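Single-structure report; data block below.
The values are calculated or read from the model by the stated rules, or taken from the named source; none is laboratory data. Because the structure is predicted, anything quoted here is derived from the model rather than measured. Cβ placement follows ideal geometry from the backbone for every residue including glycine, while neighbour counts extend to all protein chains displayed. Heavy atoms of the whole protein, side chains included, go into the accessibility calculation; ligands, DNA and RNA do not. Shrake-Rupley method; radii C 1.70, N 1.55, O 1.52, S 1.80 Å.
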Amino acid sequence: MRLAELKSAETRERCADIVAENGADVHFYWAAVLLCAFALVVFFWDFLTSGFNLIAGDVGDNRFLIVLLEHWRAFFHGQAAFQSPNFFWPEPDILGYSDGMFLFSLPYMIARATGADLYLAFELTLIALKVLGFFSMLWLLRSFVRVSRTVALVGAVLFTISNMYVVALNHAQLQCVVFIPLIACLALSAWAAYGEEMKAAARIYAVAFGILLALLLFTSFYTGWFAVFFAAIALAVAVIKVAKERDFSALTHWYRLAAARREILFIGAAGFCIAIIPFLMTYLPALKLHIGPSYREVLAFSSHPASIFDTGGRNWMWGRLVAKLASRLDNGPTHVEIRVGWPPALLVLTVIGGVLAMRRTKFVKDSAEGSEDSNFLLAVLSFSFFICLAVSLNIEGHSLWYFVFRFVPGGSAIHIPTRLNLVLNVLVVVVACILLTKIE
């Protein structure tokens, strides 16, 4: 074959590969859109089948959240001071008595601007946030955890329709857990972009990360605080794991990478410090007047061992089985706040991930590129999950949460430790997806 013919054949092969790859991407994007729509139908089934009449929540909590969203609407129209909603009038500066709901305000105001009434706008806001959560989880799983397309789609669906998020709809501010995958993606994108000499993009990602994390705290303090708490635990676990294996060169390498990225670390921190100012203005005055919960009150809202797998009686797949098992173990927790457990299948996958990571078991795809990183991530996430779960458990009136409550900054403001499960569910989905990819 002549050289010209050989080059022409290679060009045709490359073009065919590009076309095939683009075609696969198009199919993946359409599959993502369709599965997102399916997940929304499942999650908002009651709302959709009621003719858009049955709104999430009870007659108290979510109506109060709508009042807060109407306050933000009034603020952005110049009709109210941001710290002074119109309840408890004429008392000023009372926004600090509740969650701020700030990140909910933009989609809510868009819905209101289109003519939706306040109840429908509230439900449309929840739907918009679920869409954001689906595609943020998809971005995290594909671009950074690097699971297969199929598994990433499964993970995004699992995250979107998670049973515990349905249970937590009575307190809709907790649905802002959808921002956690996005925050993680922004941080990882800043880190990766800087390493690829895309410094302008890295700065944008870093600023967005810092601002969004601060606004998450201003939206739902519980969710933001739990996210930071878990991130600190995971970082400590990663450092200990590396040190235990006596691979101190890896720690040195990490330090050098971080030092090389000190610019974006500073930019991210600066964005956070600026964006956290409204939070501090709102909650520091309230903190001086507010007497927090006692440890005994906190203990009453801590998870029991049986509540780890308690999906609630309304779960169509696990509800009856789990209810019977929970009642045999410890009469079953009855308060809805501590009935935010995981389906047994997801728990089993998480336990398997922890066991395999602990035993350093070789997986089917350990020879594949990136397997070492995924094994390390599996170990860190699994160990961090078990540590957080152990700390938050209430066993016969005793809990390690006492030390968090007494000594960790912000811990004394946490009234319901069980809500940590809503954040831990993000990593449970990631762990399950890593395992599914390895055996796929």
> Using the heavy atoms of the protein chains alone and a 1.4 angstrom probe, what is the accessible area of the range 71-183 per residue in square angstrom?
Replying inline: 40
> What ranking of 304, 398 comes out by heavy-atom accessible area, probe 1.4 Å, highest first?
Replying inline: 398, 304
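Listed highest first by mean packing, meaning other Cβ atoms within 10 Å per residue, what order do 201-207, 50-56, 427-433, 83-89 come in?
Working: 201-207: 20.7, 50-56: 13.6, 427-433: 25.1, 83-89: 15.1.
For the peptides 201-207, 50-56, 427-433, 83-89, the packing ranking is 427-433, 201-207, 83-89, 50-56.
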> Taking amide H positions as placed 1.01 Å from N in the peptide plane, with prolines and chain starts having none, which residues 5 or more places from residue 393, or on another chain, fall under 5 Å of its amide H?
Replying inline: 400
> How long are the three semi-axes of the equivalent ellipsoid for the range 204-285, computed from the Cα gyration tensor as the root of 5 times each eigenvalue, in whole Å, largest first?
Replying inline: 29, 17, 8
> Across the range 383-395, in residue order, what do the Karplus-derived ³J(HN,Hα) couplings come to in whole Hz, using 6.51 cos²θ - 1.76 cosθ + 1.60 with θ = phi - 60° and x for Gly and Pro?
Replying inline: 4, 5, 4, 5, 5, 4, 5, 5, 5, 8, 6, 10, 10
